[in-house]
C-alpha cells in the first residue's frame, strides 16, 4: 500500500531532479507567472499616448516696441475683446527720435511742396508772357497790314515799312520760342510734380509708420478670448519682441499629443482616436501631423468630433487611444511583460499543466490589450505572458504548484 501510494510522488521528485539537472530547465512557482490563451478575434492596431488639452486657437502677445510699463488696464484671466487696450509702455528715447524724425520729414515735405508751387508759378508766368506776346503779335499784324497799304500808296517811307515788318518777324519768332519753352517746361514740370507727389506720399507713409510705432506702445488685444499668462507690474522694463502673454479663443479645444518616432510613417491625417475625459469617451480625429522629431517623438494635433463638456480646461492631461488600423480578424494574445523581455522573438508555450517550452514566434502590431500573432502560435495555445527576465537561458519552464 505504501509503495503504491508513494509511487507518483517518487516519479515527480525524480522528474524534478532530472529536469533541474539538464541545465536547460528552470522551476517557477505558479503564483509567480501569468498565462493567456491565443485567440482568433477582431484585432485593431491602437497605440496609447499622452495628450494635453489646449485651445483650438491661441494668439501670443508680444511687445512690438520695448519700454517701461506705465499702465496696466486688465488682469490675467479675464475675457477681452479685439482692440481692447491691455498695457501701455513708455519709451523716452523712442519719443525723442519720433519728434526729431517728424520734424525732419515735415520740413522735407514743406520744401517739396514749395518746389511744386514754384513750378506752378513758373508755368503761369510763361503762360502770361505768351498771352502778352500773342496780343502784341495780333496788333502788329494789323499794323503791318496798314503799313503795307500805306507804303504801296507811298504815304510812308520804305524805312518805316521795313521797321514795321521787322517788328512783326520779331514778335513771331518770340512767340515761337515761348511756345517751345512752354512745351519743354511743361514736360519737365509734370515729371517733377510726379516725383514730388510720390516723395511726399512716401514721407507721409513714413510719418504714419513712426506714429504707429508710438501707438504700439499701447498693446491691444489682437482677438476675442481669455487673457492668460499676463503678469506684469508698473515700472517693469519690457524688451522689443518680449512675450507679454497670450489670448486663448473660447470657441473650442483640441488635443496636442507626442508620439514615438517609430510610428511616424503610420500616423496620418484623418485617423480616429478616442479620449476618455471626466467619465465620457470623446471621438477625435487627427487633423495635423508635425513631422519634426524632438526627443525621439513627433507631435500630432487632434480635433474633437463631439461637443465637449464645459469643465474641460487648458492644460488637462488626457490619455489618447489612437487607431492606426481598422478592425480585422487575427490571431492575438494578451499583452504582458514577456514582450519587453524578448522583444517578441520567442515565448514559452504550455505543453501541459506543469511544463512550458520555449518557441520562436513572430509578433506584429499591438494595442493597449493585445499583441497580434503573425507566426509560431495557433489558436487555443497558452503562453506565459509575465516577464521572462528571471528565466535566463532556460529552454523549458517547470511550473510548481504552490
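The label point for residue 176 and the one for residue 250, both projected 7 Å from the Cα toward the Cβ, are 8.5 nm apart. The stretch between residue 160 and residue 58, if pulled fully straight at 0.36 nm per residue, gains 27.1 nm over its current Cα-Cα span. FRET efficiency for the residue 326 to residue 93 pair, using the beta carbon distance and R₀ = 56 Å, is estimated at 0.30.
Arranged from highest to lowest average of other beta-carbon atoms within 10 Å per residue, in what order do the peptides 250-260, 111-121 appear?
Numbers: 250-260: 16.8, 111-121: 13.3.
Highest mean packing first, the order is 250-260, 111-121.
The angle between the Cα long axis of helix 92-152 and the main principal axis of the chain comes to about 30°, on a 0 to 90 degree scale. Each of [x] 32.0; [y] 23.7; [z] 21.9 is a candidate for Kirkwood radius over Cα pairs in Å; the one calculated from this structure is [x]. Only helical runs count toward this figure. For the chain, summing -39,500 (n - 2.57) over DSSP H runs of n ≥ 4 and dividing by all residues gives -13000 deg cm²/dmol at 222 nm. Note on the chain: GNM, Cα springs under 10 Å; of 282, 262, 135, the largest mean-square fluctuation is that of 135. In whole Å, what is the distance between the alpha-carbon centres of the stretch 246-304 and the stretch 314-392? If you average the Cα positions of each part, the centres end up 26 Å apart. Which angle between 0 and 90 degrees, to the nearest 10, do you get for helix 158-215 versus the longest principal axis of the chain when only C-alpha atoms count? It is inclined by approximately 30 degrees. Running a GNM on the chain with Cα contacts under 10 Å, which residue among 265, 367, 287 ends up with the highest mean-square fluctuation? With Cα springs under 10 Å in the chain, the top fluctuation among 265, 367, 287 is at 265. Expressed per residue, the C-alpha convex hull volume of the stretch 93-215 stands at 86 Å³. With contacts taken as Cα pairs under 8 Å and at least 6 residues apart, the stretch 93-215 reaches a relative contact order of 43 percent. The stretch between residue 202 and residue 215 holds 2.7 nm of extra length on full extension. This uses 0.36 nm per residue minus the Cα-Cα distance. Output the 0 to 90 degree angle, nearest 10, between the alpha-carbon long axis of helix 2-21 and the longest principal axis computed from the alpha carbons of the chain. Helix 2-21 sits roughly 40 degrees off the main axis of the chain. Assuming 0.36 nm per residue, please report the length gained on full extension of the stretch residue 312 to residue 138 beyond their Cα-Cα distance. Computed gain between residue 312 and residue 138 is 53.2 nm.
Bear in mind these aren't lab numbers, they're just calculated from the coordinates by the rules spelled out. In this text, all values refer to a predicted model and were calculated from it rather than measured experimentally. Quick reminder, even Gly has a Cβ in these numbers, built from the backbone with ideal geometry, and neighbours come from all protein chains shown.
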